[in-house]
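**Q** Have a look at the structure that comes next, please.
A short reminder: the numbers here are calculations on the coordinates, not readings from a lab. Please read all numbers here as calculations on a predicted model, not as lab measurements. Every residue, glycine as well, gets a Cβ built from its backbone with ideal geometry; the counts of neighbours run over all protein chains shown.
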Amino acid sequence: MTQPTVLLVEDEPAQREVLRYNLEAEGFVVVSARDGEEALERVAEGLPDLILLDWMLPHVSGIEVCRRLRMKTETRGIPVIMLSARSEEVDKVRGLETGADDYVIKPYSVVELMARLRAQLRRVRPAAAGQILEWSDLRLDGETHRVTRAGAELKLGPTEFRLLSTFLERPGRVFSREALLDRVWGRDIYVDSRTVDVHIGRLRKALMATGGEDPLRTVRGSGYALG
Ligand code: CA
């Protein structure tokens, strides 16, 4: 399973380090930013699975970052957990109206914060959160990594497994080759986009090994989708 990526936006170095440590211990790949402007740059470089966003940031505030993310189709669905030292109800309401999915007040309990992150992750990356994904006659267990089709076990390589879990997390959604590279291979690895086609071919073969139709759809000029 590709490890989920969290974008950590925090301007105070000590807090950033504590959070990075805890997030990495939870199994997240951490990309960090020191201010709002940098946060938007990091998002433009590759979409994270979750964003942990400090409210009070130099240059562009957390609220503004959240507002801009919600304006764009490709970033609208990324869960944002806002961190803030302000505890007034009015701020909480403003935070949620701006589109944050959750809100945690500083000083926070790391245990609680991680629980909230996992809750958001289950929503957007159920396979990465170790859950069972089912679609049609396919079943993927995110914990044991077993994949079956109509009850028969399928043999998938690690890359094909990650590809399939990506598709099963969003059946019907068309993933571009770039989006698949980001999610399956990771953003820091250079892989030719034709590699995606090779692994899609292998995944198709594995999925049809026990019979049944090809569940993957090639969308000309766009990418691939399940169903
Ligand atoms: Ca701050």
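**Q** Just to confirm the filter: which chymotrypsin sites (Phe, Trp or Tyr not before Pro) across the stretch 157-227 are DSSP coil and have at most 15 other Cβ within 10 angstrom of their Cβ?
**A** Answer by residue number: Tyr190.
**Q** Also: Separation of the stretch 111-142 and the stretch 184-224 by C-alpha centroid, Å?
**A** First find each Cα centre; the distance between them is then 22 Å.
**Q** Moving to a separate point now. Grab the beta carbon distance between Met56 and Arg217, set R0 = 45 Å, and tell me the FRET efficiency rounded to 0.05.
**A** After rounding, the FRET efficiency stands at 0.50.
**Q** Residue by residue, what Karplus-based ³J(HN,Hα) values in Hz, rounded to whole numbers, does the stretch 168-175 have, using 6.51, -1.76 and 1.60 with θ = phi - 60° and x for Gly and Pro?
**A** So the Karplus estimates, Gly and Pro as x, are 5, 6, 9, x, x, 6, 8, 9 Hz.
**Q** Could you work out Rg/(2.2 N^0.38 Å) for the chain, with Rg from alpha carbons only?
**A** For the chain, the normalised Cα radius of gyration is 1.09.
**Q** Can you compute the modelled spin-label distance between Arg173 and Ala119, with each label point 7 Å from Cα toward Cβ, in nm?
**A** About 2.1 nm separates the two model spin labels.
**Q** Let me ask something else. Say each of Ala25 and Glu97 gets a label point 7 Å from the Cα, pointing the same way as Cα to Cβ; how far apart are those two points in nm?
**A** Label at Ala25, label at Glu97, 3.8 nm between them.
**Q** Looking only at the chain, where both bridge partners belong to it, what percent of the DSSP beta bridges are antiparallel (to the nearest 5)?
**A** 45
**Q** Of the GluC sites (Glu not before Pro) in the stretch 139-174, which ones lie in a loop per DSSP and count no more than 13 other C-beta atoms within 10 Å?
**A** Sparse-neighbourhood loop GluC sites (Glu not before Pro): Glu143.
**Q** Tell me which trypsin sites (Lys or Arg not before Pro) from the stretch 94-174 have a DSSP coil assignment and no more than 15 other beta carbons within 10 Å of their own.
**A** Arg146, Lys155, Arg173
**Q** Check Gln131: other-chain or 5+ apart residues with amide H under 5 Å from its amide H, H built from backbone geometry?
**A** For Gln131, the qualifying residues are Gly142.
**Q** Please find the FRET efficiency linking Glu37 to Asp141, where r is the Cβ-Cβ separation and R0 is fixed at 30 Å, and quote it to the nearest 0.05.
**A** The value I calculate is 0.15.
**Q** Using a Förster distance of 41 angstrom, determine the FRET efficiency expected from the C-beta separation of Glu12 and Arg202, and round it to 0.05.
**A** Calculated transfer efficiency: 0.35.
**Q** Taking a spot 7 Å from the Cα of Arg68 along the direction of its beta carbon, which residues of the stretch 1-39 have an amide N less than 13 Å from it?
**A** So the set is 34-39.
**Q** Further, regarding this structure: Just to be sure I follow: if Rg is taken over the C-alpha atoms of the stretch 132-226 and Rh is the Kirkwood radius over the same atoms, what is Rg/Rh?
**A** Expressed as Rg/Rh, it is 0.94.
**Q** Per 5 Å bin, what percent of the C-alpha pairs of the stretch 5-124 does each bin hold, from zero upward?
**A** Result, from short to long distances: 2, 12, 25, 28, 22, 10, 1 percent.
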